[in-house]
Amino acid sequence: METLIQDIRYGFRLLIKNPGFTAVAVLTLAIGIGASTAVFSVVDTVLLRPLPYREPDRLVVVSETLPGMSGDEIGVSAGEYQDYRDRNRSFSQVAAYEDVGFNLSGEGLPLRVNAASMSASAFPLLGVSPELGRAFTPEEEHAEADNVVVLSHALWEHEYSRDPNIVGKTVKLDEKPYTVVGVMPPSFKFPFDGAPLSEMADLWVPLVFSPNLLAPENRTMEFGVGLIGRLKPGVSPQQAQEDVDSVATNFMQQYGYSGTVRVAPKAHPFEARTVQKARPLIVLLMLAVGCVLLIACANVANLLLARATQRGVEMAIRSALGANPARMMRQCLMESIVLSVGGACGGMILAAVLVAGLRQFGPSNVPRLHEVTLHPIALLFTLVLSLVTAVFFGFVPAWRLSHVAPQASLKESRTAGASRGAQRLQNSVATLEIAAAMVLLVSGGLLLRSFVRLVESPFGFNPKNAFVVRTLFDHPRYPDPVKRRAVQKELLSRLSHLPGVVSVAAASHLPLSDVRQIGFRLEHAAADDYHFAENSMISSGYFHAMGISLLEGRDFTDQDRADTPNVAIISHTMARQFFAGQDPVGQRFQWGDLPFTVIGVAEDVHISALDADPTPMIYLSMFQVERGPAGRTAFVMRTNGTSQGLVQEVQQQIWAVDKDLPVYNTTTLETLVAESLSQRRFTVVLLGSFGVIALVLAAIGLFGVISYLVSERTHEFGVRMALGAQQTTIYGQVLKRAAELGLVGCALGLMLSIFASRLLQASLYHVSRFDYQTLTAVPVLLVSIALFAAYWPARRATKVDPMVALRYE
């Protein structure tokens with residue numbers, strides 16, 4: 001212990017005597033360790049930390065795909081849920097859930113709340129008990145039972161001020177009284193564990209299936225039920241998949257499923273499904289931060305290698321005097337550990353800043369990102385990482401210094417320059433830095449070009465100067481569709497007269513915000529030949545308000561009423577896919593038992609995401625067709641650019657018509673576009689930042705290597721200049737060495753980039769991973785940086801006075 005303390009003091013003294021070297025090394029390590037710790041905190045929270053349920057690794061979600069939906073996964077039908085529940089052999093418990101929404105009224109302003117309806121078995125299956133009160137009972141799943149509700153902790157805290165006597169009180173949801181029976185703990189977010197905070201459930205109600213949905217003839221009418229099961233002990237997810245496949249085969253045979261309505265069940269581990277979309281982004285960040293840490297370690301290793309050459313004589317003398325090689329190596333490693341601990345301290349500060357920035361500015365669709373903190377596991381990771389990096393960058397210099405040959409080293413000190421072995425090692429480390437930097441820059445460049453392509457691609461609508469406000473005409477409050485339509489038309493009229501509003505329209509679903517699909521059958525097609533398309537119920541003027549071009553036919557008018565023949569407007573993709581070689585206007589299809597005639601063709605619109613190719617789309621008149629979510633209404637207002645104070649004016653107009661209508665999710669189309677791009681933008685910014693850091697670190701490392709090589713040959717250059725060598729010759733030799741290092745590093749980095757770009761394939765939009773512009777620009781940039789880093793050492797070498805060099809020799 002005494003010698004260990006002496007070695008630590010010795011390491012501190014050496015570092016204090018070289019403040020420039022110490023500051024550069026600690027700052028370099030702080031960048032690498034800080035970024036690594038921040039990304040590890042994200043990985044630990046999002047991917048590694050178990051969900052707050054009992055044995056979450058045994059939870060499985062069952063969904064289905066339909067052949068006509070291109071493999072998109074949907075829920076199961078009510079009747080299918082009962083079959084999966086009663087006929088399976090893999091699950092000890094099964095529960096069902098659906099996402100719903102309510103108007104919460106009665107106290108203050110009307111509030112739109114997110115909710116989920118869940119079977120009574122869901123809470124015992126998840127193993128979570130309410131913080132206050134109780135959960136649902138099986139008897140409350142029947143339509144004749146009293147209405148009960150369980151509140152989320154956030155709603156209880158914000159709307160009811162943590163009232164300890166809330167259990168037993170009554171709240172109004174869609175004008176119906178519900179008795180509060182419980183309050184869930186803050187960690188309970190099922191079934192929206194992977195959703196943004198704005199989409200989390202505010203409350204839960206019992207799931208009650210209507211007899212209509214359970215009728216055998218309506219088994220394929222709706223597929224909106226989520227199904228989750230708990231695996232029996234010893235049952236694997238693969239066995240569960242085989243089991244649900246068997247159950248599906250049996251009920252499809254029993255109920256005569258045929259054609260495009262045949263289903264294919266999919267059993268997914270619940271934890272993996274929660275982070276499915278975020279996993280590629282996090283893996284990409286792990287690889288990127290690994291490259292940054294590698295470059296940081298390589299930089300410090302090069303600095304230590306340079307010092308090792310300078311300290312060769314010192315170690316040779318100590319060795320000649322009988323110093324123990326193991327003790328010398330330990331002293332050198334202790335110096336590296338002190339550097340690494342200093343870098344870890346700075347890295348923790350940087351990690352705290354990065355984590356706060358991730359929580360504040362990170363994309364909302366990364367699950368649990370708002371929960372990321374620097375907890376003890378992250379601190380332990382930082383400690384271990386600092387020790388590993390200390391060994392990584394300090395071992396080789398320490399080994400070289402502790403194994404010097406006294407006579408050879410003292411003799412070598414009389415010659416100019418370092419040994420060839422030391423030079424080769426330093427050059428190799430610098431080459432590795434350039435290669436790692438190239439991998440990051442190529443990856444960032446590909447994502448940047450992909451992002452630019454995506455932003456420049458046509459959206460199908462014009463997001464500028466378009467304002468959106470939502471409300472809900474719930475069925476209990478508006479059971480009469482005639483009254484609801486009258487109020488909607490009244491609101492459209494009022495909003496159209498607001499100052500600055502150029503046009504206004506209403507819709508049930510908007511691009512990049514809401515998704516709804518319906519099944520349709522072409523005229524004269526077989527009874528089971530169904531196809532699927534996106535759908536929205538809209539008012540006349542919708543295409544003008546959204547900035548969507550009408551390519552053929554006409555728009556909806558006031559003459560398209562419930563008592564007139566049903567008409568529809570389809571997208572260009574649907575016309576091309578189903579009516580190729582025909583005039584789509586006048587063609588007919590059937591939705592359920594309702595026939596429709598196509599009256600127009602609209603430009604394609606990106607519905608679910610900007611990077612998803614447009615799919616078939618059917619627009620129906622919300623004032624003609626009653627089916628579907630008629631109560632959900634989004635008003636789209638195109639303004640002349642002066643929308644200041646518009647939110648308050650819209651609220652006043654809506655509440656002037658009905659003071660209990662909720663006004664929620666007020667936004668703009670530009671915001672919807674920005675939110676759709678948020679994860680891509682975040683990835684580009686973060687990976688680009690890592691690329692810039694890697695470029696700077698690589699440039700610093702290359703500058704250090706060239707500076708050291710030049711300093712070792714300064715006297716040689718002075719002698720050569722004294723013998724008549726020109727400055728341009730000296731410049732050429734130094735720059736040639738830098739160019740060689742840059743080209744070798746780029747060649748190695750190019751091979752690694754081609755391999756790494758496979759991971760980006762799914763994230764690229766209309767950009768090849770072999771994009772020649774990126775693969776050309778990045779090497780040119782890196783070689784240019786290498787030449788720039790070599791210029792100043794070369795310039796310094798040419799300023800050596802030949803007489804001083806000769807006198808020194």
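Values as computed for the structure displayed
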quantity	calculated
Which numbered condition R576 misses (of (1) part of a loop (DSSP other than H, G, I, E, B); (2) open to solvent by 70 Å² or more (accessible area, probe 1.4 Å); (3) free of Cβ contacts under 8 Å to residues at least 12 places away in the same chain)	(1)
Residue tally, condition assigned to a helix (DSSP H, G or I) and either buried (at least 16 other Cβ atoms within 10 Å of the Cβ) or of a type outside the set (A, V, I, L, M) (or both), over segment 214-232	3
Sole residue being modelled with pLDDT of 80 or more, in contact with a helix residue (DSSP H, G or I) (Cβ under 9 Å, 6 or more places away or on another chain), open to solvent by 30 Å² or more (accessible area, probe 1.4 Å) and more than 30 Å from S105 (Cβ to Cβ), chosen from L677, L686, L697	L686
Matching residues, segment 542-565, being open to solvent by less than 30 Å² (accessible area, probe 1.4 Å), within 30 Å of D480 (Cβ to Cβ) and either in contact with an Asp or Glu (Cβ under 7 Å, 6 or more places away or on another chain) or among the polar types (S, T, N, Q) (or both)	F543
Residues of segment 126-141 satisfying the condition of being open to solvent by less than 60 Å² (accessible area, probe 1.4 Å) and closer than 19 Å to K189 by Cβ	L126, G127, V128, P130, L132, G133, A135, F136
Counted residues, segment 284-293 - those being open to solvent by 60 Å² or more (accessible area, probe 1.4 Å) and in contact with a Leu (Cβ under 8 Å, 6 or more places away or on another chain)	1
Filter result for the condition that a residue is farther than 28 Å from L677 by Cα, part of a loop (DSSP other than H, G, I, E, B) and either of a type in the set (S, T, N, Q) or modelled with pLDDT of 80 or more (or both), over Q624, Q644	Q624
Every pair of residues 6+ apart whose Cβ atoms lie under 9 Å, when the first sits in segment 439-461 and is on the phi > 0 side of the Ramachandran plot while the second is in a helix (DSSP H, G or I)	G460/M546
Contacts under 8 angstrom Cβ, first residue in segment 489-500 being open to solvent by 50 Å² or more (accessible area, probe 1.4 Å), partner acidic (D, E), 6 or more apart	P499/E649
Residue that is modelled with the lowest pLDDT [pool: residues in segment 474-488 that are crowded, with 21+ Cβ neighbours inside 10 Å and in a loop (DSSP other than H, G, I, E, B)]	D474
Some residue of segment 690-707 being free of Cβ contacts under 8 Å to residues at least 12 places away in the same chain, assigned to a helix (DSSP H, G or I) and within 46 Å of the chain's Cα centre (by Cα)	yes
Positions within segment 579-611 being in a loop (DSSP other than H, G, I, E, B), of a type outside the set (A, V, I, L, M, F, W, C) and open to solvent by less than 20 Å² (accessible area, probe 1.4 Å), in sequence order	P584, H606
Matching entry among L339, L350, L333, L304 (being at pLDDT below 75, in a helix (DSSP H, G or I), touching a helix residue (DSSP H, G or I) at 6+ places or on another chain (Cβ under 7 Å) and closer than 30 Å to L374 by Cβ)	L304
Residue that is nearest to R521 (Cα to Cα) [pool: residues in segment 234-261 that are open to solvent by 50 Å² or more (accessible area, probe 1.4 Å) and more than 33 Å from the chain's Cα centre (by Cα)]	G256
Pick from segment 776-788, criterion surrounded by 20 or more Cβ atoms within 10 Å (Cβ to Cβ) and under 31 Å from the mean Cα position of the chain (by Cα), ranking: nearest to G688 (Cα to Cα)	V778
Contacts under 6 angstrom Cβ, first residue in segment 626-652 being aliphatic (A, V, I, L, M), partner at pLDDT 70 or above and in a loop (DSSP other than H, G, I, E, B), 6 or more apart	A634/L510
Enumeration of residues in segment 504-517 that are modelled with pLDDT under 85 and not hydroxyl-bearing (S, T, Y)	D514, V515, R516, Q517
Residue satisfying all of: in segment 353-379; open to solvent by less than 60 Å² (accessible area, probe 1.4 Å), at pLDDT below 85 and of a type in the set (G, A, S); farthest from L677 (Cα to Cα) among these	A378
Residues of segment 663-674 that turn out to be in a loop (DSSP other than H, G, I, E, B) and modelled with pLDDT under 85, as a count	0
Of all residues making up segment 509-536, the number that are of a type outside the set (A, V, I, L, M, F, W, C), open to solvent by less than 40 Å² (accessible area, probe 1.4 Å) and outside any loop (DSSP other than H, G, I, E, B)	4
Any chance A506 is farther than 15 Å from V605 by Cβ and either among the polar types (S, T, N, Q) or open to solvent by less than 30 Å² (accessible area, probe 1.4 Å) (or both)	yes
Hits in segment 233-254 - residues which are closer than 12 Å to S90 by Cα and either in a helix (DSSP H, G or I) or touching a strand residue (DSSP E or B) at 6+ places or on another chain (Cβ under 7 Å) (or both)	P237, Q238, Q239, A240, Q241, E242, D243, V244, D245, S246, V247
Any hit, segment 455-465, residues being under 22 Å from T597 (Cβ atoms) and of a type outside the set (V, I, T)	no
Number of the exception - H766 against (1) on the phi < 0 side of the Ramachandran plot; (2) under 35 Å from the mean Cα position of the chain (by Cα); (3) open to solvent by 60 Å² or more (accessible area, probe 1.4 Å); (4) not hydroxyl-bearing (S, T, Y)	(1)
Single condition Q6 does not satisfy, out of (1) open to solvent by 10 Å² or more (accessible area, probe 1.4 Å); (2) closer than 17 Å to A694 by Cβ	(2)
Tally, over segment 734-746, of residues that are touching a residue at least 24 places away in the same chain (Cβ under 8 Å) and surrounded by fewer than 22 Cβ atoms within 10 Å (Cβ to Cβ)	5
Segment 265-283 - residue that is open to solvent by less than 40 Å² (accessible area, probe 1.4 Å) and at pLDDT 85 or above and, of those, farthest from the chain's Cα centre (by Cα)	P265
Residue match in segment 380-393 (condition: modelled with pLDDT under 75 and in contact with a Cys (Cβ under 7 Å, 6 or more places away or on another chain))	yes
Selected residue (criterion: farthest from the chain's Cα centre (by Cα)) from residues of segment 444-468 that are open to solvent by less than 10 Å² (accessible area, probe 1.4 Å) and among the small types (G, A, S)	A466
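The values are calculated or read from the model by the stated rules, or taken from the named source; none is laboratory data. The structure presented is a predicted model; accordingly, all values stated were derived computationally and were not measured. Don't worry about glycine lacking a Cβ; one is built from the backbone with ideal geometry, like all the others, and counts go over all protein chains shown. Ligands, DNA and RNA are excluded from the accessible area calculation, which covers all protein heavy atoms including side chains. Shrake-Rupley method; radii C 1.70, N 1.55, O 1.52, S 1.80 Å.
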